[in-house]
1. So the check is Cβ under 6 Å with 6+ separation or different chains; which pairs have a first residue in the range 71-86 that's on the phi < 0 side of the Ramachandran plot and at pLDDT 95 or above and a second one that's in a loop (DSSP other than H, G, I, E, B) and small (Gly, Ala, Ser)?
2. What are the pairs with Cβ atoms under 9 angstrom where one residue, in the range 312-324, is under 23 Å from His386 (Cβ atoms) and the other, located anywhere, is aliphatic (A, V, I, L, M) and part of a loop (DSSP other than H, G, I, E, B)? Sequence gap at least six, or different chains.
3. Which of the residues that make up the range 300-324 are charged (D, E, K, R) and either surrounded by 19 or more Cβ atoms within 10 Å (Cβ to Cβ) or within 20 Å of Val254 (Cβ to Cβ) (or both)?
4. What number of residues within the range 14-36 are assigned to a helix (DSSP H, G or I), closer than 13 Å to Leu218 by Cα and open to solvent by 30 Å² or more (accessible area, probe 1.4 Å)?
5. Quick one: is Ile42 more than 21 Å from the chain's Cα centre (by Cα), open to solvent by less than 50 Å² (accessible area, probe 1.4 Å) and more than 27 Å from Leu199 (Cα to Cα)?
6. Residues in the range 407-418 that are modelled with pLDDT of 85 or more and not in a strand (DSSP E or B): how many?
7. Within the group Ala417, Ala376, which residue is closer than 19 Å to Asn346 by Cβ and without any contact (Cβ under 8 Å) to a residue 60 or more places away in the chain?
8. Please work out which residue is nearest to the chain's Cα centre (by Cα), limiting yourself to the range 335-356 and to residues that are of a type in the set (Gly, Ala, Ser) and open to solvent by less than 40 Å² (accessible area, probe 1.4 Å).
Amino acid sequence: MSTIRSIIDQRAKENPEKIYLFAPESGAELRWNGLQQLAQKINTRLDECGIGAGENVAFLMDNGYWTTALFLSVMYSGRVIVPVNAVGGAAQVEYVLDHSEARILFVSEKYRLAYADAIAAASHDLQCVELCPNSGSNWLQCPATEPATEINADAIALMIYTSGTTGKPKGVLLSHKNVLAGGKNTALAHEISDSDCGLCVLPLYHINAEMVSVMGSLVSNSSIVMPNKFSATQFWQWVSDYKCTWASLVPTIVSYLIDSESRREKAIDFNVIREHLRFCRSASAALPPATHRQFEQMFGVPIIETMGISEAAAQIFSNPPDPAKFRYGSPGIAYGNEGRVVDENNQPLADNVKGEIVVRGDNVMQGYFKNPQETAKTIDRDGWMHTGDVGYRDSDGYYFVTGRIKELIIKGGENIAPREIDDVLYKHPAVLEAAAFAAPCDQYGQEVMACVALKSGNNCTQDELSAFCVEHLGAFKAPKHIHFMRELPKGPSGKIQRLKLIDLV
């Protein structure tokens, strides 16, 4: 089973009535045989629209039954699925639709209206098919036909664009082998079996939801619950109703769940939930240790911190399943791929020495679409992919990330990792979100600044937070100024976009 098609066909043959997907809003259930039939119907319609094998097919929709089915079906058909970031703004939508050369776009009514000008601006003919995430479309009323074209493991299955916080987004090309490796690495690290049921509250236009939740469930023959979007008030109810055994989160969602618990109107019996919920996992950004511990103390559910990147089909590192082996502040050890830390000359560094983290394995991308120069910079001739993350590995093989190469604060010639300041700010009981960043400074070259958002109902002054930082960091590393915001800017996965802060303040 080396392609999406071969896995879906095998599942439909061996266990056709097993439920793969639950859709809470509509109550719909998607079984393996139903997924196979939908995939073949979508193949029929794409054939009729003149979209050939290997062509790019874009979608601009919230999560749901039909979004998930479309995502898998396009890959099943031998085409390439191109998710479009629904919160990236009109300029990014226009760029991705144009750059990807997709000749067909599946779009919900909501986003067709919101991005009408961006869609119309495509420089090539673009067919638009309106598709509701919950109820589908009459467009799919057609016979199911098996694809005539064979596909292999090296064929491109997915092209996902990076968030583009520094310049234009890049189209990451992932083959069938890559995306299945992403799912297998998740299942391996978290010991996911065919009896598990995951909850996906992250958007399907982001690599985390696509690889961890959708592919992790696909390769493990398990089930997935797919609501339209995250809701702090509904999260635990979904976990309870569907007897979820795991859920994939990001640090901002972890913070929201902590903050919303004190305002919950309907009681949730966490003793019952803990009977089936084995763990939550966190990725897409570093999880502050203070937030990590607070969640586990409040809910009694372990969080497995992990690390992923679009160019490596999401997960590359994970803490082991055993909570006794967790390293707070670390995304864990390598599962399913290799990792190491290198210097500026690409030479491996000893344990506990900081450098750039690189990875190698079947999950590493084929390259960037129409961008061989960046591909060559990112993947060396030995297959090692440069993540752009600065960190170190300890003697037990656990990785620790201290920052991004482009995000390092260099004050008076000293490198300061923004993550170190973030972690201290998160220890303050009033802080919900925090991010440190560099600002130009005549005296030091760069100065440490920070932005925070406070928890609802909490008050805190800049003097109080500044004194707190000086106490825990010392005066040199403490932020010179702390800006208060209602909410910090985030990417599609909920990751705080640190590099945007300097322009906002």
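The values are calculated or read from the model by the stated rules, or taken from the named source; none is laboratory data. Remember, predicted model here, so these are calculated numbers, not experimental data. Virtual Cβ from ideal backbone geometry, glycine too; neighbours counted across all protein chains shown. Just the protein is used for accessible areas: all its heavy atoms, side chains included, with ligands, DNA and RNA removed. Shrake-Rupley method; radii C 1.70, N 1.55, O 1.52, S 1.80 Å.
1. Val82/Ser100; Val82/Ala102
2. As it stands, the answer is Ala312/Val364; Ala312/Met365; Ala313/Val364; Ala313/Met365; Ala314/Ala283; Gln315/Ala283; Ser318/Ala283, since those pairs meet every condition given.
3. Correct list: Glu305, Glu311.
4. Adding up the residues that qualify gives 1.
5. Working: more than 21 Å from the chain's Cα centre (by Cα): yes; open to solvent by less than 50 Å² (accessible area, probe 1.4 Å): yes; more than 27 Å from Leu199 (Cα to Cα): no.
Against the criterion (more than 21 Å from the chain's Cα centre (by Cα), open to solvent by less than 50 Å² (accessible area, probe 1.4 Å) and more than 27 Å from Leu199 (Cα to Cα)), Ile42 does not qualify.
6. 1
7. Ala376
8. Taking the range 335-356 and keeping what is of a type in the set (Gly, Ala, Ser), we get 336, 339, 350, 355.
Remaining after also requiring open to solvent by less than 40 Å² (accessible area, probe 1.4 Å): 339, 355.
Working: Gly339: 20, Gly355: 24 Å.
Going through the qualifying residues, I end up with Gly339.
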